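J.: Dumping the structure here so I can ask a few things about it.
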Amino acid sequence: MAYAYDNENIFARILRGEIPCDKVLETDHALAFRDIAPKTPDHVLVIPKGAYVTWDHFAAKASDAEVADFVRAVGKVAQMVDAAPGDGKNGYRLISNAGTDGVQEVPHLHVHVLAGRPLGWMIRPG
Ligand code: AMP
C-alpha cells in the first residue's frame, strides 16, 4: 500500500511550529490541540508526530512505541476534558476521518475527541 504524505498540510506545519495551536497535551509521539472550529464544547484533535496520513497507514507503518503513545494520548485527552465515563462523567466520541468517503480535510492522521454535550446518533443513513 502506498501512502503519499503532504509535508505542507496544516498539521505538519503545526508540528514544525510554523503556525500556533491551542495545545492540550504533548507526549513523545503525539500532540493534542483544540480544534479551530469546535463542533462540541470540548473538541480536541490528537495527532501523531510522525508523517502518517490515516489510521490504517499508522497501523501499518508506525512503531509499537508510537502506537502505544498515541493510543494512550487519546485516552488521556478524554480524561483531561473530564468526559471519561469511568470517572462518572457523561462520555465522549472518537472520530478519525480517512480519504474521500471519510471526508478527511487534513491529510495527517488525527482523532477527534468530541465531548461536552449529548452527541446524538453516530451517523445518518447515506
Ligand atoms: P477532518 O475533516 O477530519 O480532516 O478534520 C479536520 C479538522 O481540522 C477540522 O475539524 C478543522 O476545524 C480542524 N482544523 C483545521 N485547521 C486547524 C488548525 N489550524 N488548528 C486546529 N484545528 C484545525
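J.: Is it true that Val77 is surrounded by 18 or more Cβ atoms within 10 Å (Cβ to Cβ) and of a type in the set (A, V, I, L, M)? Before the answer, list the steps.
T.: Details: surrounded by 18 or more Cβ atoms within 10 Å (Cβ to Cβ): yes; of a type in the set (A, V, I, L, M): yes.
Answer is yes for this residue.
J.: From Lys23, Lys39, which residue is of a type outside the set (Asp, Glu), within 18 Å of Pro118 (Cα to Cα) and either within 16 Å of the ligand (Cβ to nearest atom) or in contact with a strand residue (DSSP E or B) (Cβ under 9 Å, 6 or more places away or on another chain) (or both)? Let's see the steps before the verdict.
T.: Details: Lys23 fails: within 18 Å of Pro118 (Cα to Cα).
Exactly one of Lys23, Lys39 is of a type outside the set (Asp, Glu), within 18 Å of Pro118 (Cα to Cα) and either within 16 Å of the ligand (Cβ to nearest atom) or in contact with a strand residue (DSSP E or B) (Cβ under 9 Å, 6 or more places away or on another chain) (or both), namely Lys39.
J.: Something else: Please list, ordered by first then second residue, the pairs with beta carbon atoms under 7 Å, 6 or more apart or interchain, first in segment 73-86 and aliphatic (A, V, I, L, M), second in a helix (DSSP H, G or I) and buried (at least 22 other Cβ atoms within 10 Å of the Cβ).
T.: Ala84/Ala78
J.: Is there a residue being in contact (Cβ under 8 Å) with a residue 12 or more places away in the chain, within 12 Å of the ligand (Cβ to nearest atom) and over 13 Å from the mean Cα position of the chain (by Cα) anywhere in segment 42-58? Lay out the reasoning, then the answer.
T.: From segment 42-58, those in contact (Cβ under 8 Å) with a residue 12 or more places away in the chain are 42-58; that's our starting set.
Filter once more, so that each one left must be within 12 Å of the ligand (Cβ to nearest atom): 43-47, 53-55.
Now drop any that are not over 13 Å from the mean Cα position of the chain (by Cα), which leaves none.
Within segment 42-58, none of the residues are in contact (Cβ under 8 Å) with a residue 12 or more places away in the chain, within 12 Å of the ligand (Cβ to nearest atom) and over 13 Å from the mean Cα position of the chain (by Cα).
J.: Please determine, by comparing only the residues of segment 80-114 that are of a type in the set (Val, Ile, Thr) and in a strand (DSSP E or B), which one is surrounded by the fewest Cβ atoms within 10 Å (Cβ to Cβ). So that I can check it myself, show each step before the final result.
T.: At the first step, the residues of segment 80-114 found to be of a type in the set (Val, Ile, Thr) are 81, 95, 100, 103, 106, 111, 113.
Those still in the list that are in a strand (DSSP E or B) too: 95, 111, 113.
Numbers: Ile95: 14, Val111: 21, Val113: 28.
Among those residues, the one meeting the criterion is Ile95.
J.: Quick one: Ile36 ticks every box in (1) in a loop (DSSP other than H, G, I, E, B); (2) surrounded by 13 or more Cβ atoms within 10 Å (Cβ to Cβ); (3) under 15 Å from the mean Cα position of the chain (by Cα) except a single one, so which number is it?
T.: Result: Ile36 passes all but (2).
Each reported figure results from applying straightforward, stated rules to the coordinates on display, with no laboratory input. Bear in mind the structure is a predicted one, so any value in this text is a computation, not a measurement. Quick reminder, even Gly has a Cβ in these numbers, built from the backbone with ideal geometry, and neighbours come from all protein chains shown.
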